[in-house]
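Trainee: Just dropping this structure here.
The values are calculated or read from the model by the stated rules, or taken from the named source; none is laboratory data. Since the model is a prediction, treat every value here as computed from it, not as a measurement. Counting neighbours? That spans all protein chains shown, and the Cβs are built from the backbone with ideal geometry, glycine included. To get the accessible areas, we keep the full protein, side chains included, count just its heavy atoms, and leave off ligands, DNA and RNA. Shrake-Rupley method; radii C 1.70, N 1.55, O 1.52, S 1.80 Å.
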Amino acid sequence: MKKNLFIALEGIDGSGKSTQMSLLANQFKIAGHKVYVTCEPTDNPIGALIRDIFNHRMEGDHRTIAGLFIADRLDHLLNSEYGLLKKMEEGYTVISDRYYFSSYAYQGAHMSMDWVIQANSLSADLLRPDLNVFIDISPETSMHRIQKGRNSVELFETLDNLNLVRASYFEAFQRLKNLERISVIEGERSPELVAADIWSQIETIL
Ligand code: ADP
Ligand code: TYD
């Protein structure tokens with residue numbers, strides 16, 4: 001049996017994570033893995049609370065949001081029914097659309113990044129990605145893709161904030177480069193070229 005991996009896909013909004021997740025899942029299946037795909041915020045109750053805040057149905061300070069993401073992530077890992085630790089034990093290769101680097105970048109842009117990293121250390125100790133794949137696009141491309149695809153714009157989706165978040169990602173990568181495996185992929189190419197590049201990075205750890 002192949003060694004199963006845990007891959008986190010990261011990037012600013014509209015960077016192509018969902019698109020790449022399905023292409024990557026197919027590649028893994030061809031390589032003989034059984035695959036489980038998932039995302040954060042999750043579709044579970046704590047994730048639903050977060051989405052309520054993003055859709056302006058509920059008020060939430062940045063610190064409240066940071067706390068909810070920590071709780072959503074721990075539940076995502078530890079839940080006895082759908083928890084990722086269980087999926088890993090069952091031999092699935094797990095691909096997650098966002099994981100803790102999203103908190104470092106999005107919440108760390110508005111509060112102490114050190115605090116956010118520390119507060120997520122339980123999750124990092126439970127399950128560290130074999131690879132964090134960061135799909136890099138410019139904030140301008142992000143805005144363009146978001147506006148094309150949707151009627152409403154979520155809480156974080158302004159050009160200023162996307163600039164801040166992208167910079168925040170690179171700051172987090174710099175801080176954690178000795179602890180985490182990170183691949184930055186140029187995302188402003190065709191989906192097929194982006195996918196081929198991601199797969200070549202994964203082959204180096206298979
Ligand atoms: P995310 O999950 O990161 O928000 P999506 O995969 O949903 O990103 O992509 C956002 C939008 O950009 C979608 O309309 C998608 O079709 C388009 N898109 C995805 N990848 C590319 C690409 N490489 N080039 C151009 N458009 C893309
Ligand atoms: P999502 O619905 O995945 O949006 P997208 O498809 O654009 O990636 O994520 C919703 C928002 O959640 C996104 O703007 C990033 C934000 N987010 C955080 O702020 N912190 C986190 O820890 C995570 C996982 C996501």
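Trainee: Going by the structure shown, is residue 135 in contact with a Gly (Cβ under 8 Å, 6 or more places away or on another chain), within 16 Å of ligand 1 (Cβ to nearest atom) and among the aliphatic types (A, V, I, L, M)?
Mentor: Yes; evaluated as a whole, the condition is true for this residue.
Trainee: In addition: Given the criteria more than 16 Å from ligand 1 (Cβ to nearest atom), in contact with a His (Cβ under 9 Å, 6 or more places away or on another chain) and hydrophobic (A, V, I, L, M, F, W, C), does residue 88 qualify?
Mentor: Here the answer is no, as residue 88 does not meet what is asked.
Trainee: Check residue 73 against each of (1) near ligand 2 (Cβ under 9 Å from one of its atoms); (2) in contact with a Leu (Cβ under 8 Å, 6 or more places away or on another chain); (3) at pLDDT 95 or above and name the one condition it does not meet.
Mentor: The number of the failed condition is (2).
Trainee: Among the helices (runs of 4 or more DSSP H) lying completely within the stretch 126-206, list those that include at least 3 residues that are farther than 17 Å from residue 15 by Cβ.
Mentor: Fully inside the stretch 126-206 and qualifying: 159-175, 191-203.
Trainee: Moving on to the next point. Tell me yes or no: at least one residue of the stretch 138-147 is among the β-branched types (Val, Ile, Thr) and either under 26 Å from residue 29 (Cβ atoms) or crowded, with 19+ Cβ neighbours inside 10 Å (or both).
Mentor: No: the stretch 138-147 contains no residue that is among the β-branched types (Val, Ile, Thr) and either under 26 Å from residue 29 (Cβ atoms) or crowded, with 19+ Cβ neighbours inside 10 Å (or both).
Trainee: So, one more: Restricting attention to the stretch 64-101, which residues are among the small types (Gly, Ala, Ser), under 22 Å from residue 52 (Cα atoms) and open to solvent by 10 Å² or more (accessible area, probe 1.4 Å)?
Mentor: Within the stretch 64-101, 67, 71 qualify.
Trainee: Determine whether residue 181 is away from ligand 1 (no atom under 16 Å from the Cβ) and in contact (Cβ under 8 Å) with a residue 24 or more places away in the chain.
Mentor: So residue 181 fits the description; yes.
Trainee: Step by step: first the residues of the stretch 1-56, then only those that are more than 20 Å from residue 103 (Cβ to Cβ) and among the charged types (D, E, K, R), then the one that is surrounded by the fewest Cβ atoms within 10 Å (Cβ to Cβ). Which residue is that?
Mentor: 3
Trainee: Quick one: which helices (runs of 4 or more DSSP H) lie wholly within the stretch 24-105 and hold at least 2 residues that are farther than 19 Å from residue 127 by Cβ and touching a residue at least 60 places away in the same chain (Cβ under 8 Å)?
Mentor: Correct list: 45-54.
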